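Below is one structure, written out as C-alpha cells; the observations come after it.
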Amino acid sequence: MSEQDVSEDISIVEFKGLNNYRRVRGLGRGAAGSVDLVEHIVSHQQFALKRIEFQFLTESEQLAAENEVILLRVLIGPTIIRYYDSFTEEGSLYIVMEFAEKNSVDEMVKDYKARGRKFDNEQIYDWIAQTVVALLIMHSKNILHRDLKIQNMFLSHDDVIKLGDFGIAKALSTASDMARTSCGTPYFMAPEVCRGEVYGQKADTWALGCAVYELLTLKKPFDGSNIQQIFDQIQRHNYESLPADVDPHLKLLVSRLLNKLPQHRPSVWELAVDTKIRQHIDKFVIDKNCWEEVSAVLDTADKTNSGNADKKTHDLSVSIPELYKIIRP
C-alpha cells in the first residue's frame, strides 16, 4: 500500500467504537489502564489503542487523561506519535494513536545491554535531532513534556523517534511561564524540579541529557535505591564520566544538558542550531520530505539564535527549502 493509499484510507476510517477494532496483542499495562495493538476491521491498518479506566482514577488523574487528548490534538509533527481520535466507552477513555512498530528506545537499550552492544554515535545524533524536532514543536506551543525519558521515545519501522505519552505534559499560558508541580520520572527530573522550585522548558532539555547519557552508557546518569537518594544524586553529585570512545562533541553536549543550573543549560532553540544536531535535523528533513511540517519551528530557532548560530549551520539550514523543492516528488 502506498503512502497516498494509506492517507486516503485513514480519511474514511471510522475510529470511534471498540466494535471497529480487533485486538492483536497487548503493548503495555499500568495501574489505571493499558495499551493494545489493534487492527481496524475495515481498513486493516494497525493502531495503538490506549485505554484509561476512570474507576481507578482520582479527579486530578481524570483531568490529566483528558489533558493528554487535548494536547495530542494540537501536537502534530513527524517525530510525535500521531493522534487519530478518542472516545468513551464502558467507563473508560480510549485514545487511538499511531503504532510505533519497534516499541520504545528503552526496549532497545535493554536488548543492547543484554547482548553487550553499543549504539554508534551517528545513531544517537539522529535520535537527538529527531527528539529536538519534537520538543521544538511542543515548546513552540508553550507545552512542556515533563516526562521525557527513553520509555516515551518510540521507534517507527525505520528507526525514527516518535515522542509520546503526554499524560502529564503541561500547557503554559506564555513562553515565560514556569510550572510548579513536580511531575515526571525521578531519574529524569531536573535539579530545580527535585527542589520543588518553579521550572520551565529547560527541565525538558535536562531530561534529554539523561536520555542521551543512557544511550551512550546503557545506564542512568543518576541512580539510587529510593527517591531521596536519586534526588540527592541529581542535586549534589556529578554523573560518571562518559567512555573514552564517545564523540567529544557528544561529551560536551551531555555536560551542557546536565548542567545543574538551568540558566546555563541550553534551550531546545539553542540545540536546534548546534552544528552537529542541525546537520542531522537537516538530513532527517530531506530524507523524510517533511520541511513543510517543521519549517516554522526551525525558522524560529534560527531567528532566536541569529546572533550566536554557527555560520555553517545557518547556511545549511537556509538551503533546506531549496533542496526540498528539488527532491519533492
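Take Phe222 and tell me if it is modelled with pLDDT under 95 and closer than 22 Å to His264 by Cα.
No; evaluated as a whole, the condition is false for this residue.
In this structure, does Asp120 turn out to be more than 14 Å from the chain's Cα centre (by Cα), outside the structural domain of Ile281 (by TED's automatic domain parsing) and modelled with pLDDT under 95?
For Asp120, the condition - more than 14 Å from the chain's Cα centre (by Cα), outside the structural domain of Ile281 (by TED's automatic domain parsing) and modelled with pLDDT under 95 - is met.
Can you spot a residue in the range 8-18 that is at pLDDT 85 or above and assigned to a strand (DSSP E or B)?
No: zero hits.
Report yes if Ser92 is small (Gly, Ala, Ser) and closer than 30 Å to Asn289 by Cβ, otherwise no.
Here the answer is no, as Ser92 does not meet what is asked.
Restricted to the range 299-313, and to residues that are buried (at least 16 other Cβ atoms within 10 Å of the Cβ) and in contact with an Asp or Glu (Cβ under 9 Å, 6 or more places away or on another chain), which residue is modelled with the lowest pLDDT?
Once the filter is applied, the top-ranked residue is Thr313.
With (1) part of a loop (DSSP other than H, G, I, E, B); (2) touching a residue at least 12 places away in the same chain (Cβ under 8 Å) as the list, and Leu136 as the residue in question, which single condition is left unmet?
Looking at each condition in turn, Leu136 falls short on (1).
Does Thr79 qualify as being assigned by TED's automatic domain parsing to the domain that holds Val35, within 24 Å of Asp287 (Cβ to Cβ), under 17 Å from the mean Cα position of the chain (by Cα) and crowded, with 20+ Cβ neighbours inside 10 Å?
Yes: the conditions hold for Thr79.
Determine, yes or no, whether Asp177 is modelled with pLDDT under 95 and on the phi < 0 side of the Ramachandran plot.
It is true that Asp177 is modelled with pLDDT under 95 and on the phi < 0 side of the Ramachandran plot.
Hey, Trp127 hits all of (1) in a helix (DSSP H, G or I); (2) farther than 23 Å from Ile281 by Cβ but one; which does it fall short on?
Among (1) in a helix (DSSP H, G or I); (2) farther than 23 Å from Ile281 by Cβ, Trp127 violates only (2).
Mind checking which helices (runs of 4 or more DSSP H) fall wholly inside the range 217-271 and carry at least 2 residues that are surrounded by fewer than 19 Cβ atoms within 10 Å (Cβ to Cβ)?
In the range 217-271, 227-236, 248-257 are the helices (runs of 4 or more DSSP H) which contain 2 or more residues that are surrounded by fewer than 19 Cβ atoms within 10 Å (Cβ to Cβ).
Would you kindly identify the strands (runs of 3 or more DSSP E) lying entirely within the range 33-119 that contain at least 3 residues that are touching a residue at least 60 places away in the same chain (Cβ under 8 Å)?
Counting at least 3 such residues, we get 83-89, 92-97.
Among (1) on the phi < 0 side of the Ramachandran plot; (2) surrounded by 14 or more Cβ atoms within 10 Å (Cβ to Cβ), which single condition is Asn103 missing?
Of everything listed in (1) on the phi < 0 side of the Ramachandran plot; (2) surrounded by 14 or more Cβ atoms within 10 Å (Cβ to Cβ), Asn103 misses just condition (1).
The values are calculated or read from the model by the stated rules, or taken from the named source; none is laboratory data. Everything numeric in this text was worked out from a predicted model, so none of it was measured. In this analysis, Cβ positions are derived from the backbone assuming ideal geometry, glycine residues included, and neighbour counts consider all displayed protein chains.
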